[in-house]
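The values are calculated or read from the model by the stated rules, or taken from the named source; none is laboratory data. As the structure is a computational prediction, the values presented were derived from the model and not from experiment. Neighbour counts run over all protein chains shown; Cβ positions are idealised from the backbone, glycine included.
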Amino acid sequence: MSDIAINASNLTKKFGDFTAVDHVTFQVKTGEIFGLLGPNGAGKSTAIRMLSTLSVPTEGSATVAGFDVKKADGKVREHIGLVSEKMIMYDELTARENLRLFGELYDIPKDVLSKRIAKLLSFVRMEQWADHRIDTFSTGMKQRINVIRALVNQPEILFLDEPTLGLDPQSTAEIRELVRRINIENRTTIILTTHMMAEADMLCDRIGIIDHGKIVALDTPGNLKRSISGTDTTFFEFEIPNLDTNTLMSIKSIGSVKSVVQDDPTHVKVTSSGDDSFDILIDALRKNGAQIRTVRNLEPSLEDVFLRITGHEVRDSVAKSPAPERKHGPPGMRSNKRVR
Amino acid sequence: MSVKRLLRHTAWICWKDLLEFSRSKMRVVMLILMPLLMMVMVGFIFPSGSSISHQPVAIANQDLAVDGISFGDRFISQLAAVNNQTGMMDISNATGFDDIKTMIQDGEISGGIIVPANFTSDLLHHKQGSITVMTDQSNPQMSAMMQSVLTAVIEQLGTQVAEYNLNQTYNVSLEDAPAILQPYNVETKGIVPGNPNYFEFVAPGIMAMVVMMSLMTGLPHAISYEKDMGTLDGMLVAPTSRWAIILGKVSSQSIRGLIQGFVILVLAVALFGVAIHGSILLVVLLIMLTVFSFVGLGILITSFADKEETATMVMMTLMFPMMFLSGVFFPIQQMPAFMQTIANFLPLTYAATAMRKVMVLGAGTPAIFTEVLILAVFGIVTLTIAVPMFKKAMSR
């Protein structure tokens, strides 16, 4: 096994005029958890689909487990597992029947497969549910089966596309724990996509931030955060009950202030630089008659990293460039006002 | 990929589909109920001649007797005698053409018979006697019924005219005559023994149609639905051939189609008295060929359609003209020329014709060679186009 599990070079996918993935180059090391972080429609899923041989790249190339996704797609498939955004399971079949069907497609000998299914079921503590139909399960239980379904062939590389999407907090924590265990106990290389900063921060060894089809930053979560906090930048969150537009405009006009984001009617996040930035901010707020109830000095989060690098917040980039598959639904709900 | 492995994957995918299908009792019941209803329905809405009864018919007898002899009266009493046996008509009286016309327009009667004034005299003077039959044209079954009754009546009347002429001209009584030659004789004969009924006409066509329907509606569900649900990705990401997926899906749908086809076959034989004159094996092989010829079309549409709903709508749009134009319910020969031309381009036409030839006429392989060839070529051509399209659609 080589050190590089996935090597993508200039990987590009176009749907007509729309470029979903735009000349993306990155490497995933064997044994790591690699995260593709970005808003919906940024091209994460399309990238995963190309790497898992479900979609043919328009341009560029990629090797997965040492095999070319275009020329040796059959070989690639033998070494990978996929947990897609939509669950790959048949609701009217039992958990065991689902695992068995997919196991058979990998030509696993019958006795080996039976043992492996039993082991996988106990791995996620679902033994007693093995012979129950999927449609009797809760979403969290379904997702556990969905994840182990991708492990029947004991893949070297596991793709997880938004594995915690739509799960309640408890199931989300369970699945994250499961991902970690798969990575540690099976030495499986994991590449996961998420739009949740906290999830990427918590799970991933390295993160590629993807926006509008391009990887805009790639490093460990720590380095990414340090890259913007290593300077004299500070992050504040003010709680101001009488916050108004004039106040926002005036702090925005301060030279040392880099960004101003209003989260809700009374909270505002400010990024600024310079040693005396706090004093300047307080003065500006007081001059406008703002009543400051609380102020917090924030640690930089991946959200701030994303904000700084892309110049906009993490939210569906649908409003700007609609991906062809995502036509329905309100484009990019604007929940918070942004002043810059 | 070895053939053995391909077939094993095919079998698993097919098994999965059937297992999923069997998990709903409702679906299994409908699988049997649909062909049953179809057969019962067509059996009763398209009646054969003998099943019509008590149609109101008016008779206007304007015949004038010659020397006390009226063939018009004899015709009517003969008609009444025939009608007593069959019970097809309820006979009433009318005065003439206009009277009958009004009665038909008012919906009181469905047909009328007029015996003209010179009927007896024409017959006695060796001229042809003519009878006018009027039918309600909005009821196409009427003319067929009237014709069959009149044929029987005239046949018997002919014997009487012959007897009378013998008696009058040669003074020979019926008892003395060594033989009587009837002036005319009607004989209907089929090429297989027994009287064919509408079921025998329609059952082979329905078999071909149901096989087509379950394939055309089943394939978009089996493939597009899984594509929509995302479960198809699970198979596509496994190291299995695209062929195994296609073959697995096709075989599960074919098995459903075959089950329905056999339900019809069994019902037709057991309940509706349809006799199969040809080889059962040939019938089975023909059903399989029908499946083969429609598979390509099904996959092609599935590949083009973005969603299951689209695929189903396209299938429905194609299916209905095929059902009615392919001679399943109505003989193609009855259709206008341009419709017949269209029918000649529909594969179901050949499937129905071949099936009918084997089941009703007892034809062997040579007699259906053309149909078999056309179905096979249609299947090969559509599959050749469909498979690359499908593979392309799957890797979008």
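Values computed for the structure shown
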quantity: Residues that are touching a residue at least 60 places away in the same chain (Cβ under 8 Å) and either away from chain A (no Cβ under 12 Å) or β-branched (V, I, T) (or both), drawn from the stretch B:8-41; calculated: B:T10, B:I13, B:L31, B:I32, B:M34, B:P35, B:L36, B:M38, B:M39
quantity: Residue identified as small (G, A, S), within 27 Å of A:N186 (Cα to Cα) and away from chain B (no Cβ under 14 Å) among A:G66, A:G60; calculated: A:G66
quantity: Filtered residues of the stretch B:224-243 (kept if closer than 14 Å to B:L6 by Cα, part of a loop (DSSP other than H, G, I, E, B) and at the interface with another protein chain (Cβ under 7 Å from one of its Cβ atoms)); calculated: B:A238, B:P239, B:T240
quantity: Test: A:M87 is farther than 26 Å from B:K4 by Cα and within 14 Å of chain B (Cβ to nearest Cβ); calculated: yes
quantity: Filter result for the condition that a residue is more than 30 Å from B:G278 (Cβ to Cβ), small (G, A, S), at pLDDT below 75 and not in a strand (DSSP E or B), over B:S173, B:S121, B:S148, B:S130; calculated: B:S173
quantity: Residue check, B:L219 of a type in the set (A, V, I, L, M), within 14 Å of chain A (Cβ to nearest Cβ) and over 21 Å from the mean Cα position of the chain (by Cα); calculated: no
quantity: Hey, A:V24 surrounded by 22 or more Cβ atoms within 10 Å (Cβ to Cβ), more than 24 Å from A:I175 (Cα to Cα) and within 22 Å of the chain's Cα centre (by Cα) or not; calculated: yes
quantity: Flag for A:K71 being farther than 18 Å from A:R133 by Cβ, outside any strand (DSSP E or B) and more than 9 Å from every other protein chain (Cβ to nearest Cβ); calculated: yes
quantity: Test for B:I246: is it of a type outside the set (G, A, S), in a helix (DSSP H, G or I), assigned by TED's automatic domain parsing to the domain that holds B:T10 and touching a helix residue (DSSP H, G or I) at 6+ places or on another chain (Cβ under 7 Å); calculated: yes
quantity: Criterion: hydroxyl-bearing (S, T, Y), over 30 Å from A:T19 (Cα atoms) and surrounded by fewer than 18 Cβ atoms within 10 Å (Cβ to Cβ) - qualifying residue of A:T234, A:T245; calculated: A:T245
quantity: Any hit, the stretch B:288-296, residues being on the phi > 0 side of the Ramachandran plot and more than 14 Å from chain A (Cβ to nearest Cβ); calculated: no
quantity: Within the stretch A:90-116, considering residues that are within 11 Å of chain B (Cβ to nearest Cβ) and without any contact (Cβ under 8 Å) to a residue 40 or more places away in the chain, the one farthest from B:L18 (Cα to Cα); calculated: A:D107
quantity: Meets criteria (in the same structural domain as A:T12 (by TED's automatic domain parsing), more than 23 Å from A:R49 (Cα to Cα), in contact (Cβ under 8 Å) with a residue 12 or more places away in the chain and not β-branched (V, I, T)) for A:Q154; calculated: no
quantity: Candidate set from the stretch A:117-143 (those that are assigned to a loop (DSSP other than H, G, I, E, B) and within 14 Å of another protein chain (Cβ to nearest Cβ)); member that is surrounded by the most Cβ atoms within 10 Å (Cβ to Cβ); calculated: A:H132
quantity: Single condition B:V377 does not satisfy, out of (1) touching a residue at least 12 places away in the same chain (Cβ under 8 Å); (2) more than 14 Å from every other protein chain (Cβ to nearest Cβ); calculated: (1)
quantity: Residues (in a strand (DSSP E or B) and farther than 13 Å from A:G31 by Cα) located in the stretch A:193-206; calculated: A:T193, A:T194
quantity: Residues satisfying the stated conditions in the stretch A:247-261, i.e. farther than 14 Å from A:I280 by Cα and either at pLDDT below 85 or part of a strand (DSSP E or B) (or both); calculated: A:S259, A:V260, A:V261
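Conditions tested, residue by residue: (1) at pLDDT 95 or above; (2) at negative phi; (3) outside any helix (DSSP H, G or I).
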| site | (1), (2), (3) |
| --- | --- |
| A:K86 | no, yes, yes |
| A:E92 | no, yes, yes |
| A:L99 | yes, yes, no |
| A:I108 | no, yes, yes |
| A:A173 | no, yes, no |
